[in-house]
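Presented below is the structure to which this report refers.
The values are calculated or read from the model by the stated rules, or taken from the named source; none is laboratory data. Note that the structure is a prediction, hence the values are computed from the model and not measured. Note that we place each Cβ from the backbone using ideal geometry, even for glycine, and neighbour counts take in every protein chain shown.
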Amino acid sequence: MKRFPEYYTIWNIAGHYGLRIFALLVLIFLMLPILVIMPLSFNSEPFFTFTEGMLALDAEAYSLRWYQEVVDDDKWRLAIRNSFVVGIAAALIATVLGTLAAVGLASPWMPYKRFITALLLSPMIVPLIIIAAGMFFFYTRFNLVGTFAGLIIAHAALGVPFVIITVTATLSGFDRSLFVAGLSLGAGPFKVFWDVVIPLIRPGVISGGLFAFVTSFDEVVLVLFLAGPEQRTIPRQMFSGLREQINPTILAVATLLVVLSAALLFTLEALRRRSVRLSGSA
Amino acid sequence: MNDLGSDTFLRFDNVKKSYDQKSLVVKGFDMDVEDGEFITLLGPSGSGKTTVLMMLAGFESVTSGDIAIAGKSINRTAPNKRNIGMVFQNYALFPHMTVAENLAYPLTVRKTPKAQIKERVAEYLKLVELSDFGARRPGQLSGGQRQRVALARAMIFEPTLILMDEPLGALDKNLREQMQFEITRLHKQLGFTVIYVTHDQTEALSMSSRIAVFNDGVVQQCAPPAELYERPSNAFVADFIGENNFVPGKVITLEGTTAQVQTDGGTIVAQAVDGLAIGHACRVSIRPEKLFIPPTSHAHDNALTVRFNTRIYVGDFIRYYFKLPDGTDIIVKVLNDLSAPEFADDAEAQLLWLASDSIAFPAG
Ligand SMILES: Nc1ncnc2c1ncn2[C@@H]1O[C@H](COP(=O)(O)OP(=O)(O)OP(=O)(O)O)[C@@H](O)[C@H]1O
Ligand SMILES: [Mg+2]
């Protein structure tokens, strides 16, 4: 039995446990829908429910057939390839543009700072469906609808705000006198930027890039509007999968996505710790 | 632009600076610096010392006037092309590079051959007594060690001019003294010219070949330490450098460099500075350690009667606080030995001093 301070009343103790139970319930509420699909993706039957064999932990009831199906299916293979191509290209563009924007916005001589920041962050706030509709009509004029270029540009625009936010956060800890010191040692402004500024804000740049990648990877609304059959990405393929052929391949893909997201999350956390360590010892 | 004397190492010619295009922060700064000098800019906060340094380094533009090195104006030279070393108060070491990489950076930028860089880094690490610390990050060094790395980094590319803006401000007293010694040693050994900014007068007095006292964007006096202390050219300098007593009075006669001054407590004699006029109000400065309380064997030719206020024991000295008849405070420093007298509260006392130890400045 846990020892409570002497002055605790019965209500304090009830509150103590109540808070923990409530927190646990919230966690279950958030995680259960995600966790429940994982075992289902190993179902050997084409159902979305736990079979009796699965509940009895019968090895026969589990299989990798839906994963096999994902790998064998040309449509899924195309979707996976597209998702990575679009995601990586969009993340690279967003990282470069977002980093430059953040550096510019951090300068004390930047005019209209608040207004421009708000403008650049707007893709995070404006409803996606509105962005998608706007882009659709705009891109039609330039024949960008149904092309990879169009989709990549659109996703890059969505990713830029994440990069700006993470890079701005690392820049706020950046000591401007380091830049001045670099100049005084004889290096030109671009060289100092490359040798001193970039290495010190690198954790922010990389985590911004990862966020941008995940944003593109998860995104389905813009894809629905802008992508043709050639540009189908994983979320788009899942979307049609849900309507056309209902079987656990979708669950297999979803499980793969969860694993990938978790891996990225761990990377981000590792980067954050590294940056804390670096700046802490500066 | 003006005709610039070509043999002066560094010349400020009527340099002015305004940040807001309205008020001048630096008002007509003139100074000639010889090769190898150690010049200190000393002055109250906000008097424009950092601004002068930043203009010299190229990080602030010059509003008007000229800064010239070896007779050539550098107003239009980019900061990274000026070849001026700089030491910052917060060290400004690159935290992601090792100590050796920090030192190598200015050489790498100048495309020095690799082998030579290695040699020079080792040499300068030795110079600042950090030979075993080359592989460490700045974060793993103590404050004094970081400052020495910053010093070595500012010197390693052999600039002829090194600027230091309160480089020891972040260090504790002991370390500061040690670093003062270190900087003086390196300056003597390597012969570069230093422009140094500090708040600390002891530091300025002990290190500099000349001190420029700043106030309100104007140099009040630029002179070697002893001259600044013994012969301040105006009341601001007399007050700012060291401690001083000011006795108010009126000039009654002026003969060469001697003035007779009428005060509430009697007539006294003092050295006169330019600008003093008969019949005008003046202030006579006397340093606390130049005042004597009788009985004394010291020679004197001035005396004033004062009232005892209090005395404070500060170890090697005893500080006496007296009041003049008009209420002005007078401080006297007496060596702490058996002769240090005791007074009753409000007791009358005499203070004695030499006319040559006091200076009369115009009042106001
Ligand atoms: N970037 C700037 N923009 C506007 N005003 C400035 C700027 N930098 C300094 N000033 C002003 O110029 C004046 C001189 O500043 P400066 O930093 O040169 O003083 P300082 O003598 O170095 O003072 P301290 O001893 O406190 O460092 C101050 O009144 C300051 O407010
Ligand atoms: Mg300053």
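Give the residues of region B:252-266 that are assigned to a loop (DSSP other than H, G, I, E, B) and in contact with a strand residue (DSSP E or B) (Cβ under 7 Å, 6 or more places away or on another chain), sorted by residue number.
Across region B:252-266, the qualifying residues are B:Thr257, B:Gly265.
Is it the case that region B:256-263 has a residue that's in the same structural domain as B:Met54 (by TED's automatic domain parsing), modelled with pLDDT under 90 and at negative phi?
The answer is no; no qualifying residue exists.
Find all pairs meeting these conditions: Cβ atoms under 6 angstrom apart; at least six residues apart or on different chains; first residue within region B:142-169 and more than 10 Å from chain A (Cβ to nearest Cβ) and without any contact (Cβ under 8 Å) to a residue 12 or more places away in the chain; second residue part of a helix (DSSP H, G or I) and away from ligand 1 (no atom under 16 Å from the Cβ).
As it stands, the answer is none, since no pair meets every condition given.
Please give the helices (runs of 4 or more DSSP H) falling wholly within region A:177-282 in which 3 or more residues are of a type in the set (Val, Ile, Thr).
A:198-218, A:249-280
For region B:149-251, list the strands (runs of 3 or more DSSP E) that sit wholly inside it and hold at least 3 residues that are more than 16 Å from ligand 2 (Cβ to nearest atom) and at pLDDT 90 or above; which are they?
B:218-223
Within region A:206-224, can you find the residues that are crowded, with 21+ Cβ neighbours inside 10 Å and more than 13 Å from the chain's Cα centre (by Cα)?
Within region A:206-224, A:Leu222, A:Val223 qualify.
Take B:Ala135 and decide whether it is in contact (Cβ under 8 Å) with a residue 24 or more places away in the chain and either within 16 Å of ligand 2 (Cβ to nearest atom) or not assigned by TED's automatic domain parsing to the domain that holds B:Ala204 (or both).
Answer is no for this residue.
Taking region B:52-82, which residues are within 14 Å of another protein chain (Cβ to nearest Cβ) and more than 17 Å from B:Pro167 (Cβ to Cβ)?
Answer for region B:52-82, where residues must be within 14 Å of another protein chain (Cβ to nearest Cβ) and more than 17 Å from B:Pro167 (Cβ to Cβ): B:Met55, B:Gly58, B:Glu60, B:Ser61, B:Ile74, B:Thr77, B:Ala78, B:Pro79, B:Asn80, B:Lys81, B:Arg82.
If you check A:Ser63, A:Ser83, which single one turns out to be of a type in the set (Ser, Thr, Tyr) and under 26 Å from the mean Cα position of the chain (by Cα)?
Testing whether each residue is of a type in the set (Ser, Thr, Tyr) and under 26 Å from the mean Cα position of the chain (by Cα) leaves just A:Ser83.
For region B:220-240, name all the residues that are in contact (Cβ under 8 Å) with a residue 40 or more places away in the chain and either more than 20 Å from B:Gly364 (Cβ to Cβ) or within 8 Å of the chain's Cα centre (by Cα) (or both).
Matches in region B:220-240: B:Cys222, B:Arg231.
Mind checking which residues of region B:27-84 are among the aliphatic types (A, V, I, L, M) and within 16 Å of ligand 1 (Cβ to nearest atom)?
The answer is B:Met31, B:Ile39, B:Leu41, B:Leu42, B:Val52, B:Leu53, B:Met54, B:Met55, B:Leu56, B:Ala57, B:Val62, B:Ile67.
What are the pairs with Cβ atoms under 9 angstrom where one residue, in region B:32-47, is away from chain A (no Cβ under 14 Å) and closer than 21 Å to B:Thr202 by Cα and the other, located anywhere, is of a type in the set (D, E, K, R) and away from ligand 1 (no atom under 16 Å from the Cβ)? Sequence gap at least six, or different chains.
Pairs found: B:Glu37/B:Arg210; B:Phe38/B:Arg210; B:Ile39/B:Arg210; B:Thr40/B:Arg210.
I need a count of the residues in region A:123-168 that are without any contact (Cβ under 8 Å) to a residue 24 or more places away in the chain and either outside any helix (DSSP H, G or I) or hydroxyl-bearing (Ser, Thr, Tyr) (or both).
Residues flagged as without any contact (Cβ under 8 Å) to a residue 24 or more places away in the chain and either outside any helix (DSSP H, G or I) or hydroxyl-bearing (Ser, Thr, Tyr) (or both) within region A:123-168 amount to 5.
Run down A:Gly186, A:Gly150 and say which single residue is modelled with pLDDT of 90 or more and either more than 10 Å from every other protein chain (Cβ to nearest Cβ) or farther than 21 Å from B:Gln89 by Cα (or both).
A:Gly150
Restricted to region B:1-19, and to residues that are surrounded by fewer than 17 Cβ atoms within 10 Å (Cβ to Cβ) and at pLDDT 90 or above, which residue is farthest from ligand 1 (Cβ to nearest atom)?
It comes out as B:Asn14.
With region A:1-98 as the region, which helices (runs of 4 or more DSSP H) entirely inside it contain at least 1 residues that are surrounded by fewer than 10 Cβ atoms within 10 Å (Cβ to Cβ) and among the β-branched types (Val, Ile, Thr)?
Those helices (runs of 4 or more DSSP H) span A:10-40.
Looking at (1) buried (at least 19 other Cβ atoms within 10 Å of the Cβ); (2) among the aliphatic types (A, V, I, L, M); (3) within 12 Å of ligand 1 (Cβ to nearest atom), which is the one condition that is false for B:Leu24?
Going through the list (1) buried (at least 19 other Cβ atoms within 10 Å of the Cβ); (2) among the aliphatic types (A, V, I, L, M); (3) within 12 Å of ligand 1 (Cβ to nearest atom), B:Leu24 breaks only (1).
Among the residues of region B:190-242, count how many are within 14 Å of ligand 1 (Cβ to nearest atom) and among the charged types (D, E, K, R).
Looking only at that region, the number is 3.
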